[in-house]
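The values are calculated or read from the model by the stated rules, or taken from the named source; none is laboratory data. Bear in mind that the values here come from a model prediction, so they are computed numbers and not experimental data. Counting neighbours? That spans all protein chains shown, and the Cβs are built from the backbone with ideal geometry, glycine included.
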Amino acid sequence: MSIQTYQAIRVRQYGAADELRLGQLQTPVPQAGEVLVRVLAAGVNPVDWKIRAGWFKDFRPLNLPYTPGIDFAGIVEEVGPDVTAFQPGQAVFGQSASGAYAEYALASVDKLALKPQSLSFDEAATIPVGATTAWQGLFDHGGLQSGQSVLVQGAAGGVGLFAVQFARWKGAHVIGTVSTANMDFARLLGVETVVDYTYTAVEDAVQDVDLVLDCVGGESLTHSVRALKQGGTLISIAGQPAEEETKAKGIRAAMMRADATSALLQTFARLVDDGQLKVVVAKTFPLREAKEAHELSEKGHGRGRIVLHVADE
């Protein structure tokens, strides 16, 4: 490979978005089971700024400085010595092991798939974390079945928008909470019962729900418990509900972390190209404006996913 160095966003210490700064790194060589990708777009997930702010440093510390970012889409530049599943020149998307806010990134072959043909690189970079979290929350952890009812707390967000579509695809009845500005958007995604949480407590609008996927946390968890049926299931990606609240109704409650796989990413790509799954880009920033992208993400209450456009194809 002729490129010796590349640009990447670096975080030298935990702190505010000001810590996101462009730097130069030596281009790595992919090892066994790895692929080097020329990154064209990187997804900005809420977990990215939470890591940067130091929320997880006590139990998941990083070696500083580090390059942020998980989701990306780009072109395979080089493959490791034993890699046969991918080859240079292929358009791919997935999760990076070295940080996605960069011109180049390493990825394990088991967290990579061919990019959906119908999507741009910016669009494809919105998928991995959000769609994986939604799928595993609904099906692997939540056990959602056709004909059941599911409440998606935060239905317009980067996880919620995928959860709504997967639940409808499965044949479930979908209830979703959103702000006033996102009510029409939620209906377009497939939410059948839309609850504006700024005016209505969800338990006043719906009761006896089979499953809740809570993407909000905080007080939302209490409302989720109240909306569930006796013996229902609450899966959260943003905190654990109080045990006394869940025990009283015999609710199974769990907090989850997503684990992307190549097989799941291939499923998402197929659903996208078949017209069963839509993606939503909220706003795009150039790589040098990662700080502004994080500041927007920290405000919350958006729709879709924020993307860093790293380079043109």
Legend entry - Hits in the stretch 1-20 - residues which are free of Cβ contacts under 8 Å to residues at least 60 places away in the same chain, within 28 Å of E313 (Cβ to Cβ) and surrounded by 13 or more Cβ atoms within 10 Å (Cβ to Cβ): R10, V11
Inset, instruction - Of the conditions (1) among the acidic types (D, E); (2) crowded, with 17+ Cβ neighbours inside 10 Å; (3) without any contact (Cβ under 8 Å) to a residue 24 or more places away in the chain, D58 clears all except one; give me its number. - result: (2)
Legend entry - Scan of the stretch 71-90 for residues that are farther than 12 Å from G33 by Cα and either touching a strand residue (DSSP E or B) at 6+ places or on another chain (Cβ under 6 Å) or in contact (Cβ under 8 Å) with a residue 60 or more places away in the chain (or both), ordered by number: D71, F72, A73, G74, I75, V76, E77, P88, Q90
Inset, instruction - Look at Q95 and say whether it is of a type in the set (S, T, N, Q) and either over 18 Å from the mean Cα position of the chain (by Cα) or farther than 23 Å from E313 by Cβ (or both). - result: no
Inset, instruction - Output yes when any residue across the stretch 262-269 is at pLDDT below 95, among the small types (G, A, S) and surrounded by 16 or more Cβ atoms within 10 Å (Cβ to Cβ), and no when none is. - result: no
Legend entry - Boolean, L234 is without any contact (Cβ under 8 Å) to a residue 24 or more places away in the chain and not hydroxyl-bearing (S, T, Y): yes
Inset, instruction - Sort out which residues of the stretch 34-52 are in contact (Cβ under 8 Å) with a residue 40 or more places away in the chain and among the hydrophobic types (A, V, I, L, M, F, W, C), and write them in order of number. - result: V35, L36, V37, V39, L40, A41, A42, V44, V47, W49
Inset, instruction - Confirm whether A131 is among the aliphatic types (A, V, I, L, M), touching a residue at least 12 places away in the same chain (Cβ under 8 Å) and closer than 30 Å to D312 by Cα. - result: yes
Inset, instruction - Output the residue which, of all residues in the stretch 217-237 that are outside any strand (DSSP E or B) and among the β-branched types (V, I, T), is surrounded by the most Cβ atoms within 10 Å (Cβ to Cβ). - result: I237
Inset, instruction - Would you kindly identify the strands (runs of 3 or more DSSP E) lying entirely within the stretch 45-152 that contain at least 1 residues that are hydrophobic (A, V, I, L, M, F, W, C) and closer than 23 Å to A293 by Cα? - result: 71-79, 91-95, 104-108
Inset, instruction - Would you be able to say whether some residue in the stretch 238-254 is surrounded by fewer than 17 Cβ atoms within 10 Å (Cβ to Cβ) and touching a residue at least 60 places away in the same chain (Cβ under 8 Å)? - result: yes
Inset, instruction - Name the residue, out of Q24, Q13, Q90, that is over 29 Å from A156 (Cβ atoms) and either among the hydrophobic types (A, V, I, L, M, F, W, C) or touching a helix residue (DSSP H, G or I) at 6+ places or on another chain (Cβ under 8 Å) (or both). - result: Q13
Legend entry - Qualifying residue in the stretch 152-165 (condition: of a type in the set (F, W, Y) and either surrounded by fewer than 24 Cβ atoms within 10 Å (Cβ to Cβ) or more than 19 Å from A238 (Cβ to Cβ) (or both)): no
